[in-house]
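The structure appears right after this line, and notes come after that.
The values are calculated or read from the model by the stated rules, or taken from the named source; none is laboratory data. None of the values given here were measured: they were computed from a predicted structure. Using ideal geometry, Cβ is built from the backbone for each residue, glycine included, and neighbour counts are taken over all protein chains shown.
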Amino acid sequence: MQAITLTPFDLSLAALLILLLAALSHPLRLGLERRLLLSALRTAIQLVLIGFVLEALFHYAALGLVALLALFMLLVAGREVRARQKRPFTGGWGFGIGVTSMFLSSFSVAILTLTVIIGPSPWYLPQYAIPLLGMLLGNTMNGISLALDHLTGEAFKQRATLEARLALGQSAVEAASDLRRESMRIGLVPILNAMAAAGVVSLPGMMTGQILAGAPPLEAVKYQILIMFLITAGTGFGTMAAVWLGVRRLFDERDRLRLDRLRAPAARP
Amino acid sequence: MPLLTVRDLTSLHLGPLSFELAAGERLALSGPSGAGKSLLLRALADLDPHGGELALAGVDALRMRAAEWRRQVAYLPAESAWWHDLVGAHFCQLPKPAELEALGFDPGVLQWQVARCSTGERQRLALLRLITPGPRVLLLDEPTAALDPENVTRVERLLLDYCQQREAGLIWVSHDPAQIARIGERHLRLQGGQIVTGT
């Protein structure tokens, strides 16, 4: 089976639905129309651009170019992690904690998968490397931003409790133990939910894509299982690293809670 | 040798302050709101970054692990914080029945739900939680603010006994001149982060 090619007309029909939704948002005073349209436009532009980049990249499959695109994706993900937090760490840490933990988890899982499990030739073949890294980064980014947002937001709210525990002679690690556990849990909830619903409620995106492109369902399922496991492992290790680094930064060398290392949220009018 | 030595202590909006506290000595601390009383206690417990030197019985604070320093120089904030459901889960060692009784509790209190305790009960339980491990210096921020007169007397008696029996030092923030006269052997008055009168 060959995939059915979409025409610009098909896409404009889908775009009409977004316009309809935006038009409905106005009389209902949801205030979402501007954001909705901008996000839709942003998606379209970003995807078209990456489409051109991938076309070019698949043509010149050089390791340097793949690495450059991977680095770009990592830095954008790092920016996104910081932007999704109400009280990110100040200075380089707000960006660095996310980038470091995503790099450690997503890149090592992706490289391991490419070299040992899937084994394309060469191992960095962009048709495999870029989508794989993209899925890993996207999910890890979600987990890490949720976990860090919980960690820093709750540290601010639970200041009295954390300091009471320190004052009773607990170390920073002991005082933050509940907070650390809860942040980890929050970071992993989306992927755990996705695994629970996979196949029963929702057909995961990658498998859907392969089936639409004509792959036999059981082949698509194998890839989907592989990806689910990789994503879970990547998100788990990444979130663990981010929470560990975050807790270290929340306290100083004398185990004091340093909320001055968090940025206050921008005042909303 | 003094029990607690404070030399050129500074933190944000505070100091420099220098004073000493002898073993078994009780120091009352007063001053208007915002004078830096709580900041001083927090800096002494090493909860805020600060300049200057702190030493316990001649041992510099930096030569102890921070958690060890805070077990010895124990700080009771004005509002107590609780993070488990049951009162007893907050005690790393169980209080003696005599101590419970001295504060007007029976041993069953450890099974109580924190959420069902009154403000005054929590304040007394927080104090008990603080002194059970036997710290050498107590830093108390208005420990009787939420208590009725009977319980104020109980808390004062327990703390005076504690200081006497264990030769512990005590720094007590209070706004009540009568209480300052009852519990303080010395009295420091803070204003704008500085000691304005000291005896």
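Restricting A:ALA155, A:ALA110 to those that are within 14 Å of chain B (Cβ to nearest Cβ) and of a type in the set (Gly, Ala, Ser) reduces the list to A:ALA155. Within 14 Å of chain A (Cβ to nearest Cβ), farther than 24 Å from B:SER38 by Cβ and in a helix (DSSP H, G or I): does that describe B:ALA89? Taking the combined requirement at face value, the residue satisfies it.
Could you pull out the residue among A:GLU163, A:GLU174 that is touching a strand residue (DSSP E or B) at 6+ places or on another chain (Cβ under 6 Å) and acidic (Asp, Glu)?
Answer to the selection: A:GLU163.
Of the residues making up the range A:238-269, those that are surrounded by 16 or more Cβ atoms within 10 Å (Cβ to Cβ), under 25 Å from A:LEU74 (Cα atoms) and either without any contact (Cβ under 8 Å) to a residue 12 or more places away in the chain or within 14 Å of chain B (Cβ to nearest Cβ) (or both) number 2. Residues in the range B:19-59 that are over 25 Å from B:GLN165 (Cα atoms), within 13 Å of another protein chain (Cβ to nearest Cβ) and part of a loop (DSSP other than H, G, I, E, B): B:ASP46, B:LEU47, B:ASP48, B:PRO49, B:HIS50.
As for the range B:102-119, it holds no residue that is within 10 Å of chain A (Cβ to nearest Cβ), outside any loop (DSSP other than H, G, I, E, B) and in contact with a strand residue (DSSP E or B) (Cβ under 7 Å, 6 or more places away or on another chain). Of the residues in the range A:41-49, not one is in the same structural domain as A:GLN210 (by TED's automatic domain parsing) and closer than 26 Å to A:GLN210 by Cβ. The residues of the range A:177-200 that are within 11 Å of chain B (Cβ to nearest Cβ) and either of a type in the set (A, V, I, L, M) or surrounded by 19 or more Cβ atoms within 10 Å (Cβ to Cβ) (or both) amount to a single one, A:LEU179. Among residues of the range B:88-134 being within 20 Å of the chain's Cα centre (by Cα) and of a type in the set (Val, Ile, Thr), the one that is nearest to B:CYS163 (Cα to Cα) is B:ILE131.
Checking each residue of the range B:60-80 against the condition of being at pLDDT below 95, within 19 Å of B:CYS163 (Cβ to Cβ) and either within 11 Å of chain A (Cβ to nearest Cβ) or not in a strand (DSSP E or B) (or both) gives no match.
Out of A:MET141, A:MET135, A:MET195, one residue alone is under 23 Å from A:VAL66 (Cα atoms), modelled with pLDDT under 95 and either out of contact with any Leu (no Cβ under 8 Å at 6 or more places or on another chain) or not basic (Lys, Arg) (or both). It is A:MET135. For the range B:57-92, filtering for residues that are more than 11 Å from A:GLY169 (Cβ to Cβ), without any contact (Cβ under 8 Å) to a residue 12 or more places away in the chain and acidic (Asp, Glu) leaves 2. For B:PRO16, the conditions (1) touching a strand residue (DSSP E or B) at 6+ places or on another chain (Cβ under 8 Å); (2) within 14 Å of chain A (Cβ to nearest Cβ); (3) surrounded by fewer than 20 Cβ atoms within 10 Å (Cβ to Cβ) all hold with the exception of (2). A:GLN46 passes every criterion in (1) more than 23 Å from A:ILE144 (Cα to Cα); (2) surrounded by fewer than 16 Cβ atoms within 10 Å (Cβ to Cβ); (3) of a type outside the set (Gly, Ala, Ser) apart from (1).
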